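Engineer: There's a structure below that I have some questions on.
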Amino acid sequence: MKRNLLNQPLRLPNGTVLRNRLAKAAMSETLGTYDNRPTPELVQLYRRWAGSGLGLIITGNVMIDRRALGEPGNVAIEDESDLPVLRQWAQAVTSQGAALWAQLNHPGKQSTKGLNAYNLAPSAVPFRADMATFFETPREATPAEIQDIIERFGRSAAICKKAGFSGVEIHGAHGYLVSQFLSPHHNRRSDEWGGSPEKRRRFVLAVHAEIRRQVGPDFPVGIKLNSADFQRGGFTEDESIATIRALADAGIDLVEISGGTYEAPAMSGAMQEPKKASTAEREAYFLAFAEKLRAAVKVPLMVTGGFRTAAGMNAALRSGALDVVGLARLLAIDPDAPAALLRGRDSVQQVRPIRTGLKAVDRMGIMEVLWYTRQLKRIAKGGEPRPAECGLSAFLKSAVDSGWGTFRTQRLRARG
């Protein structure tokens, strides 16, 4: 291999330097308590990853509102009551030289039935018929509720800064609330928050502005954004480029490119079509979009999804289309993979499709979350992942755990 570009440092627009070009992208850990507080298991998990040599580590979903959870066991940051554990979490990573960013999120409509008392969205658009069993039709958010959510993003970011986190990432992809506001399929409003591409992107720009107001100019703020929703009438590549241009002008420090939603899970590779050999060698799912985007903006770009080899990662960096390589599922089955990649060697593990044999489940792509979450929990307890774990068995155990978690969350909310 030519010079290993993964080892190069990267300076962000605000002057922050990442020690190398390898990042751990967000994966849902669900290692919080059922009343949504951080735990020592999160500290253990992230200490293991930081020791692998990663330059940037992005947490799984950190919710800005305990009333709006994506899953049982999400961590929610609304106030400073959990600062001691949050500081331990941050210290476990930053003391080893890596940067730790909290991924801040609001699920909007994308939360399973029964978990929250109600779900908000830009508009009351239901899920497709085969998913309506799992997801309720949301209620359209009022202007006052929208403003409250914006302020919560800023408050959560400020608490993360106080706890010693290195930065935050807005989750604007994968069909969650920010993504819903951007999509004409989910956002059918006719007020100041919808009705045109410019108005649909007002929400994400307001979230970014409020975070920046509360954390100042020197604290990195990034965003994970869809290249497209891959849904009929959804967020398109042209709208994505226009949104990223607006965010770059507003001072965003890093843009992570992904794509898809729960209804169209492109981010997991579940929708990726067979590729020609020359295309497959490029590995990353969203590299073609990154190349198009690079011609439009100069902001640092991170691409997550599909990378398999050190050679493929180096080729992508050498092309100039991206600045940071994002890894997720590989780090759930080989938490030490970055150490090998930074030496120019490949991981001994390969990410594989997770199937249960149940068509309705496999079509949703949810095993790309549930199966890998089980591996993270093993690492968090000081054990090792099980790359060969059966998909069906993992689904059944996860369904039981999720049902119990939803019940416990409801009970704790009722008492509180």
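The values are calculated or read from the model by the stated rules, or taken from the named source; none is laboratory data. What you see is a predicted model; the values in this text were computed from it and never measured. Glycine gets a Cβ as well: all are built from the backbone with ideal geometry, and neighbour counts include every protein chain shown. We work out accessible area using only protein heavy atoms, side chains counted, and drop any ligands, DNA or RNA first. Shrake-Rupley method; radii C 1.70, N 1.55, O 1.52, S 1.80 Å.
Engineer: If ILE241 meets every condition in (1) open to solvent by less than 30 Å² (accessible area, probe 1.4 Å); (2) under 23 Å from LEU69 (Cα atoms) apart from one, which number is that one?
Structural biologist: Of the numbered conditions (1) open to solvent by less than 30 Å² (accessible area, probe 1.4 Å); (2) under 23 Å from LEU69 (Cα atoms), the odd one out for ILE241 is (2).
Engineer: Further question on the same structure: Any residue that is part of a helix (DSSP H, G or I), more than 21 Å from the chain's Cα centre (by Cα) and acidic (Asp, Glu) - is there at least one of those in the stretch 178-194? Please lay out each step first, then the result.
Structural biologist: Pass one, the stretch 178-194, residues part of a helix (DSSP H, G or I): 178-182.
Those still in the list that are more than 21 Å from the chain's Cα centre (by Cα) too: none.
No; the residues of the stretch 178-194 include none that is part of a helix (DSSP H, G or I), more than 21 Å from the chain's Cα centre (by Cα) and acidic (Asp, Glu).
Engineer: Take the stretch 30-80 and flag every residue that is part of a loop (DSSP other than H, G, I, E, B), hydroxyl-bearing (Ser, Thr, Tyr) and in contact with a strand residue (DSSP E or B) (Cβ under 9 Å, 6 or more places away or on another chain). So that I can check it myself, show each step before the final result.
Structural biologist: Looking only at the stretch 30-80, we keep the residues that are part of a loop (DSSP other than H, G, I, E, B), and these are 30-39, 51-55, 64-74, 77-80.
If we keep only those that are hydroxyl-bearing (Ser, Thr, Tyr) as well, we get 30, 33-34, 39, 52.
Hits for the stretch 30-80 are THR30, THR33, THR39, SER52.
Engineer: Among the residues of the stretch 322-371, what is the count of those that are outside any loop (DSSP other than H, G, I, E, B), closer than 12 Å to LYS24 by Cα and open to solvent by 20 Å² or more (accessible area, probe 1.4 Å)?
Structural biologist: Looking only at that region, the number is 1.
Engineer: State whether one or more residues within the stretch 240-252 are under 25 Å from ALA98 (Cβ atoms), over 16 Å from the mean Cα position of the chain (by Cα) and of a type outside the set (A, V, I, L, M).
Structural biologist: yes
Engineer: Which one of these does ARG378 not meet: (1) open to solvent by 80 Å² or more (accessible area, probe 1.4 Å); (2) part of a helix (DSSP H, G or I); (3) of a type outside the set (A, V, I, L, M, F, W, C); (4) over 26 Å from MET131 (Cβ atoms)?
Structural biologist: Going through (1) open to solvent by 80 Å² or more (accessible area, probe 1.4 Å); (2) part of a helix (DSSP H, G or I); (3) of a type outside the set (A, V, I, L, M, F, W, C); (4) over 26 Å from MET131 (Cβ atoms) one by one, ARG378 breaks only (1).
Engineer: Within the stretch 388-402, which residues are open to solvent by 40 Å² or more (accessible area, probe 1.4 Å) and under 23 Å from the mean Cα position of the chain (by Cα)?
Structural biologist: ALA399, ASP401, SER402
Engineer: Residues to consider are ALA25, ALA76; find the one that is touching a Ser or Thr at 6+ places or on another chain (Cβ under 8 Å), hydrophobic (A, V, I, L, M, F, W, C) and open to solvent by less than 30 Å² (accessible area, probe 1.4 Å).
Structural biologist: None of the others qualify; the one that does is ALA25.
Engineer: Answer yes or no as to whether GLY383 is over 23 Å from TYR285 (Cα atoms) and of a type in the set (Gly, Ala, Ser).
Structural biologist: yes
Engineer: Okay, next question. What number of residues in the stretch 83-100 are part of a strand (DSSP E or B) and surrounded by fewer than 18 Cβ atoms within 10 Å (Cβ to Cβ)? Give the derivation first.
Structural biologist: Filtering the stretch 83-100 down to residues part of a strand (DSSP E or B) leaves 99-100.
Then drop every residue that is not surrounded by fewer than 18 Cβ atoms within 10 Å (Cβ to Cβ), which leaves none.
Residues in the stretch 83-100 being part of a strand (DSSP E or B) and surrounded by fewer than 18 Cβ atoms within 10 Å (Cβ to Cβ): 0 in total.
Engineer: Being among the hydrophobic types (A, V, I, L, M, F, W, C) and touching a Pro at 6+ places or on another chain (Cβ under 8 Å) is the filter; apply it to the stretch 1-30 and report the residue that is nearest to GLY251 (Cα to Cα).
Structural biologist: The residue in question is LEU12.
Engineer: Then there's this: Please find, among ASN36, ASN14, the residue that is open to solvent by 10 Å² or more (accessible area, probe 1.4 Å) and either under 24 Å from TRP371 (Cα atoms) or out of contact with any Cys (no Cβ under 8 Å at 6 or more places or on another chain) (or both).
Structural biologist: ASN14
Engineer: While we're on this one: Out of contact with any strand residue (DSSP E or B) (no Cβ under 7 Å at 6 or more places or on another chain), among the hydrophobic types (A, V, I, L, M, F, W, C), over 17 Å from LEU86 (Cα atoms) and crowded, with 24+ Cβ neighbours inside 10 Å - does that describe any residue in the stretch 194-204?
Structural biologist: yes
Engineer: Please go through (1) within 16 Å of ALA68 (Cα to Cα); (2) open to solvent by 30 Å² or more (accessible area, probe 1.4 Å); (3) not charged (D, E, K, R) for ALA129 and return the number of the only condition it doesn't satisfy.
Structural biologist: (1)
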